[in-house]
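Everything below concerns the one structure shown next.
The values are calculated or read from the model by the stated rules, or taken from the named source; none is laboratory data. Being a predicted model, the structure only gives us computed values, none of them experimental. As a convention, Cβ positions derive from the backbone with ideal geometry for all residues, glycine included, and neighbour counts pool all protein chains shown.
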There are 2 protein chains.
Amino acid sequence: MSANVAPERVVLLAGGVGGARLAHGLQEHLGSNLAVVVNTADDVERHGLAVSPDHDTVMYTLAGIANRAWGWGIEGETFAAAAQLEKLGEESWFRLGDRDLATHIVRTARLRAGDRPTDVARDLQRALGVQSPILPMTDAMVRTEVRTDDGWLAFQDYFVRLHQEPDVREIRFVGIEDAALTPEVGAALEESDAIVIAPSNPFVSVQPILAVAGIEAALQTARARGAPVVAVSGIIGGKALKGPADRMLASLGHDSSALGVARLYTGIADVFVLDAVDAALEPAIAALGLRVVVTDTIMADDAGRVRLAADVLAAAGAGPRPA
Amino acid sequence: MSANVAPERVVLLAGGVGGARLAHGLQEHLGSNLAVVVNTADDVERHGLAVSPDHDTVMYTLAGIANRAWGWGIEGETFAAAAQLEKLGEESWFRLGDRDLATHIVRTARLRAGDRPTDVARDLQRALGVQSPILPMTDAMVRTEVRTDDGWLAFQDYFVRLHQEPDVREIRFVGIEDAALTPEVGAALEESDAIVIAPSNPFVSVQPILAVAGIEAALQTARARGAPVVAVSGIIGGKALKGPADRMLASLGHDSSALGVARLYTGIADVFVLDAVDAALEPAIAALGLRVVVTDTIMADDAGRVRLAADVLAAAGAGPRPA
């Protein structure tokens, strides 16, 4: 790809809310030429149902039915089943909405019938009119666990039940050694003109994707043929817009800043997209060998999503390597 | 048990709506001394969830949360999940309410974990505050199928999807040869002072229960020691109050009347409870060897349920055999 030509086919590596918003902006520009590779290591079984929080947040967002105030679930959602589940003695800290339940019911039935997670996900997306394919990072089961001062916890225990309050000392992805990239993820990376790392949590959203056997190698192959990797900082002014990434950076021994994020992506990314409030970090990040693009990275509304996506595509089009 | 003493411990054999209403009346008199043995041959899997229509109708009724207008489901029910399931491409002819879904979700998870249907049912009932145990007729899987002029149909296909419109030529209970009564059903029958057959469909509600290995033998043992079997007609003036029992009687070659029902229970029942509108049938039914009790069998409201239950208990207390 020559410099200053916007990429036609893009792969976005994404977690939940931040990933979903940028995915939405990119879908507006690229339609089905965008493929979103989504983290599945925070999937969880609730009430015997297979729940895929990151996938579903991206899916509902791309379908235009996401609840914007919550950052998860469906707009206009009701909770009649959840209230009844509680009456029946079920734990209530992970509440699933009535419409959302339909997704998990269909997914669970399909998976039990032996269908591949990637196929089930695509059929759900198509039923909701989603243009850009959202690809689970793997069809294998991977589960993030975090070590706190009280021991290892399943991710959603930490994230939802404990409101991300404990300090995270260590992170592991149970099952990752048996996880491989899918043919769909492999093809998307192979065909991509650029790869974008969403402003998602580097540790628990992006790292699991990169840890799937074959994904980082495919990403490096893409870089080698000139497709740039553009990472967008999810830390602005030292704070995560959503979630515990800032506190995780600190408790895991990193700078709780966009610089700390940039260091994590050294050797993986070519371009680093930095919010204007962090412009002073540009020299330090450039010194890591990353080309830095400074812009407004807050996606306050649909227009903000589309604008940041345009900036990201322009940054990718400017070429794969630091000037 | 001596004559004219109301029974203390009663077993009710029940299908759905009619069974649920009489169960409710009997629960008011007997509390936990009533055990309801419920048909499970019309259970069905929908969207991968285990649904027990007769059990749940009885459970919701005994819990005081049944929807009285529909005869199934929960009062004040909503259908957000069902609408979403339809959007996701699922068949929509068997709509499950949002609160009702909670029951099926919990049941399915427990059954998949290996718990016995009887234990799962009792825990659901307890969570909803049901006094009288509702016992699945068996822990095995039995499925009613009906033969129409277009071939064999799964029961809920016929009952819900086709609105009971085709004529039923034959009925079979798939899996019945491997079904045995549970220890709980065995104990309830052994301890009973009287057994009541609800005004449910004789062919698809009562017959599957009696066809479970050990149940009819246990019932005959109870009769032999003096516990009477009281059957309540579900046909009034030649019509079923609910469901297709009247048309099934005709299409299967029986009289579509309370007399036709009474003939089916000859050799099983001691007492036959007949509605006053059918009083003219009394001599013909008595000629079958059944003691006939004529009363108002329509349970229009709670008072009607309690009154019919009292009449049934009085009929049982009057002794096991025709005078």
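Can you pull out the helices (runs of 4 or more DSSP H) entirely within segment B:194-296 that have at least 1 residues that are more than 20 Å from B:Asp167 (Cβ to Cβ)? Steps first, please.
Numbers: elements: B:207-211, B:215-224, B:245-251, B:258-264, B:282-286.
In segment B:194-296, B:207-211, B:215-224, B:258-264, B:282-286 are the helices (runs of 4 or more DSSP H) which contain 1 or more residues that are more than 20 Å from B:Asp167 (Cβ to Cβ).
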Next item on the list: Tell me, yes or no, whether segment B:155-170 has at least one residue that is without any contact (Cβ under 8 Å) to a residue 24 or more places away in the chain, among the aliphatic types (A, V, I, L, M) and surrounded by 17 or more Cβ atoms within 10 Å (Cβ to Cβ).
Entry: no
Checklist line | Which numbered condition B:Trp70 misses (of (1) in a loop (DSSP other than H, G, I, E, B); (2) at the interface with another protein chain (Cβ under 7 Å from one of its Cβ atoms)) | finding: (2)
Item checked: Looking only at segment B:83-126, and only at residues there that are small (Gly, Ala, Ser) and either more than 11 Å from chain A (Cβ to nearest Cβ) or touching a Leu at 6+ places or on another chain (Cβ under 6 Å) (or both), the one that is farthest from B:Val185 (Cα to Cα) -> B:Ser92
Notebook entry, point to check: What is the residue count in segment A:90-117 for residues that are touching a Lys or Arg at 6+ places or on another chain (Cβ under 9 Å), surrounded by 17 or more Cβ atoms within 10 Å (Cβ to Cβ) and in contact (Cβ under 8 Å) with a residue 60 or more places away in the chain?
Noted result: 2
Check: Mind checking which residues of segment B:213-237 are surrounded by 17 or more Cβ atoms within 10 Å (Cβ to Cβ) and of a type in the set (A, V, I, L, M)?
Finding: B:Ile215, B:Ala218, B:Leu219, B:Ala222, B:Ala227, B:Val229, B:Val230, B:Ala231, B:Val232, B:Ile235, B:Ile236
Checklist line | Near pairs, Cβ below 8 angstrom, 6+ apart or cross-chain, from segment B:276-301 (surrounded by 15 or more Cβ atoms within 10 Å (Cβ to Cβ)) to any residue that is among the hydroxyl-bearing types (Ser, Thr, Tyr) and not in a strand (DSSP E or B) | finding: B:Asp278/B:Ser233; B:Asp278/B:Ser257; B:Leu281/B:Ser257; B:Leu288/B:Thr266; B:Leu290/B:Tyr265; B:Leu290/B:Thr266; B:Thr297/B:Ser233
Notebook entry, point to check: Of the residues that sit in segment B:116-175 and are in contact with a Ser or Thr (Cβ under 7 Å, 6 or more places away or on another chain) and hydrophobic (A, V, I, L, M, F, W, C), which one is nearest to B:Ser251 (Cα to Cα)?
Noted result: B:Val168
Notebook entry, point to check: Is segment A:181-199 home to any residue that is among the polar types (S, T, N, Q) and closer than 28 Å to A:Gly289 by Cα?
Noted result: yes
Notebook entry, point to check: within 29 Å of B:Gly186 (Cα to Cα), assigned to a strand (DSSP E or B) and at pLDDT 95 or above, is that true of B:Val37?
Noted result: yes
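Just to verify a result, which residue in segment A:53-67, among those that are crowded, with 21+ Cβ neighbours inside 10 Å and over 12 Å from the mean Cα position of the chain (by Cα), is nearest to A:Ser132 (Cα to Cα)?
First, the residues of segment A:53-67 that are crowded, with 21+ Cβ neighbours inside 10 Å: A:53-62, A:66.
The next check asks that each one be over 12 Å from the mean Cα position of the chain (by Cα); those that pass are A:60-62, A:66.
Numbers: A:Tyr60: 12, A:Thr61: 11, A:Leu62: 8, A:Ala66: 16 Å.
My answer is A:Leu62.
Got a sec? Which of A:Leu111, A:Leu96 is in contact with a strand residue (DSSP E or B) (Cβ under 7 Å, 6 or more places away or on another chain), more than 17 Å from B:Glu91 (Cα to Cα) and part of a loop (DSSP other than H, G, I, E, B)?
Numbers: A:Leu111 fails: part of a loop (DSSP other than H, G, I, E, B).
Every option except A:Leu96 fails the conditions.
Report yes if B:Glu77 is within 12 Å of another protein chain (Cβ to nearest Cβ), in a loop (DSSP other than H, G, I, E, B) and in contact with a helix residue (DSSP H, G or I) (Cβ under 6 Å, 6 or more places away or on another chain), otherwise no.
Spelling it out, B:Glu77 is indeed within 12 Å of another protein chain (Cβ to nearest Cβ), in a loop (DSSP other than H, G, I, E, B) and in contact with a helix residue (DSSP H, G or I) (Cβ under 6 Å, 6 or more places away or on another chain).
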Next item on the list: For B:Gly304, state whether it is closer than 24 Å to B:Leu62 by Cα and surrounded by fewer than 16 Cβ atoms within 10 Å (Cβ to Cβ).
Entry: yes
Notebook entry, point to check: Given the conditions (1) in contact (Cβ under 8 Å) with a residue 24 or more places away in the chain; (2) within 11 Å of chain A (Cβ to nearest Cβ), and given that B:Leu34 satisfies all but one, which numbered condition is not satisfied?
Noted result: (2)
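Looking at segment B:238-250 only, could you name the residues that are surrounded by fewer than 19 Cβ atoms within 10 Å (Cβ to Cβ) and touching a residue at least 40 places away in the same chain (Cβ under 8 Å)? So that I can check it myself, show each step before the final result.
Filtering segment B:238-250 down to residues surrounded by fewer than 19 Cβ atoms within 10 Å (Cβ to Cβ) leaves B:238-239, B:242, B:247, B:250.
Answer for segment B:238-250, where residues must be surrounded by fewer than 19 Cβ atoms within 10 Å (Cβ to Cβ) and touching a residue at least 40 places away in the same chain (Cβ under 8 Å): B:Lys242, B:Arg247.
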Notebook entry, point to check: Among B:Val120, B:Val146, which is the only one that is part of a strand (DSSP E or B) and buried (at least 19 other Cβ atoms within 10 Å of the Cβ)?
Noted result: B:Val146
